[in-house]
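For reference, the structure discussed in these notes is given below.
The values are calculated or read from the model by the stated rules, or taken from the named source; none is laboratory data. Since the structure is predicted, the reported quantities are computational estimates derived from the model, not experimental observations. Don't worry about glycine lacking a Cβ; one is built from the backbone with ideal geometry, like all the others, and counts go over all protein chains shown.
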Amino acid sequence: MVRRPRVEIAGGLFHVYNRVASGEPVFSDPNEAAEFIEIIHETKKRDGWTVLAWCVMSNHYHLVLRTGTVPLWRGMHRVQNLFSRRFNRRHGRTGSLWQSRYKAKYVEDEAYLGRLVVYVHLNPVSAGVVDKPEKYVFGGHREIQRRTRSALVDIEDTLLCFGTTKNEARRSYLSAIRAGVSEDEERSSWRWHPFTASRDEELESDRSGPSIDIEGRSTDLERPNLEPRVFVQLACKELDVEFDRVCSRRRDRTTAIIRRLIVTLAVERWGQNRTRLAKVLHKNPDVLSWWAGEGATLRTEDPEFAAELDRMDKALSRKATKFSPAERMGQTS
C-alpha cells in the first residue's frame, strides 16, 4: 500500500506519537527513558522546535510541538532511528524497535490544543501509573510546575494555550489538570477566563521562526519547486562560486563549508531530493546525507554558519519566486 504523504507545514503544530513494537516496556527502564528524552532535547535545539507538551510512557510517547523551518520528518527520523540504533546496540538486538513510522496529527483548532496538552500530561494518571501527574518524572507537567532544572517544555508557549497572563494561565492550566484527575464534568468543559489584575505579567512567545497566520497559512518563506541543477546554480551564483568547484574533488575548508551550506539548505528547507541532488553534484547520496548532518550540527553550534544559512534562504526565495515555471525546471533555451 502506498503511504499517504505527511502534512509538512513550517510553523505548524503537531501531535506526534508512536508505540514500541509488541508493546515492549522499553521505557520502564529510567535510563532508556532518559536517553530518549535527551535525544529529543538535542533535536529540538537542532531543528528549532517549540515543545508544548510531552510524555514518555513505558511503551509509547507523546509530543505536542511546533516546527521551525526544518521539516518535522527530519527531526523525528533522527529521534526514532538514533534511539533505536543505540538501544539495539546496548541490548544486542536487531530489527525495528518501533511499531511503525511515527504518527503526526496536524493541530488546526487552538481550542483543541489546550485539551491536547492536558490529555498528554494526564497520560500517566489515565494509565493508572500515578494518581497525580506531578508524581510522574517523564512528562512535561512537572516542568510547568517548575519542578525540574532543564525543561523540555517551552513553558510560556504552553501557558499561552490557557490565557494571556502568567498567573491566570497557570491557574487555568492547573484547574484543567485537577478536573482531569478528578474526572468530573469540568474535564470536558473547562475554559479560561480573562484575568483583570493589573500586576499580572503578560505572556509572550519568544519564537522568531515561522508560524501559522489567521487564515491557516505558514508565514515561512516561499520556496518554489526547483530542479536540483537550477537550485545549485542559483546557490552558487548567490555565493559567488563556480558550479564546477562545488562538484569537484577539492577538499579545502572553504569548499567544504560551501558544500554544507548548499546541501543543508537544499535538503532541510527546499525539499530537494537527495538522490537527484547527488547526481547533479557527482557525489554519492550517502555523502550528501553526511554533509547535511554536519550542516545541521554547524547550524546549531556556529552562529555565523546559521546566519549565512538564513541569509541564503531568504536571498534564494526572493530570486526563485521571480522565475517562470520553465526557468524553475531548467527548460529555458
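Side notes on the structure shown:
- Residue check for Gly330: in contact with a helix residue (DSSP H, G or I) (Cβ under 8 Å, 6 or more places away or on another chain) and free of Cβ contacts under 8 Å to residues at least 40 places away in the same chain: no
- Residue in the stretch 181-195 that is over 27 Å from Asn59 (Cα atoms), at pLDDT 90 or above and among the acidic types (Asp, Glu) present: no
- When the stretch 91-105 is filtered for residues that are more than 23 Å from Leu63 (Cα to Cα) and either at pLDDT 95 or above or among the polar types (S, T, N, Q) (or both), only Thr94 remains.
- Which numbered condition Thr158 fails, given (1) among the polar types (S, T, N, Q); (2) modelled with pLDDT of 90 or more; (3) within 18 Å of Phe36 (Cα to Cα): (3)
- The stretch 286-300 residues that are in contact (Cβ under 8 Å) with a residue 12 or more places away in the chain, paired with ones that are assigned to a helix (DSSP H, G or I) and of a type in the set (S, T, N, Q) (beta carbon under 8 Å, 6 or more apart): Trp291/Thr264; Ala292/Thr264; Gly295/Thr264; Ala296/Thr264; Leu298/Thr264; Arg299/Thr264
- Single condition Ser100 does not satisfy, out of (1) under 30 Å from Thr264 (Cα atoms); (2) buried (at least 17 other Cβ atoms within 10 Å of the Cβ): (2)
- Here Lys314 meets each of (1) without any contact (Cβ under 8 Å) to a residue 40 or more places away in the chain; (2) surrounded by fewer than 15 Cβ atoms within 10 Å (Cβ to Cβ) with one exception, condition (1).
- Scanning the stretch 128-168 for residues that are over 25 Å from the mean Cα position of the chain (by Cα) and aliphatic (A, V, I, L, M) yields Val129, Val130.
Yes/no per residue for (1) free of Cβ contacts under 8 Å to residues at least 60 places away in the same chain; (2) buried (at least 16 other Cβ atoms within 10 Å of the Cβ); (3) among the hydrophobic types (A, V, I, L, M, F, W, C); (4) under 25 Å from Gly293 (Cβ atoms):
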position	(1), (2), (3), (4)
Pro25	yes, no, no, no
Lys45	no, no, no, yes
Val51	no, yes, yes, yes
Cys55	no, yes, yes, no
Val70	no, yes, yes, yes
Leu82	yes, no, yes, yes
Pro124	no, yes, no, no
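- Per-region count, the stretch 263-296, residues surrounded by 15 or more Cβ atoms within 10 Å (Cβ to Cβ) and closer than 16 Å to Thr69 by Cβ: 12
- Pair list, Cβ under 9 Å, 6 or more apart: the stretch 244-259 residue in contact (Cβ under 8 Å) with a residue 24 or more places away in the chain and surrounded by 13 or more Cβ atoms within 10 Å (Cβ to Cβ), other residue charged (D, E, K, R) and in a helix (DSSP H, G or I): Val246/Arg259; Ile257/Glu308
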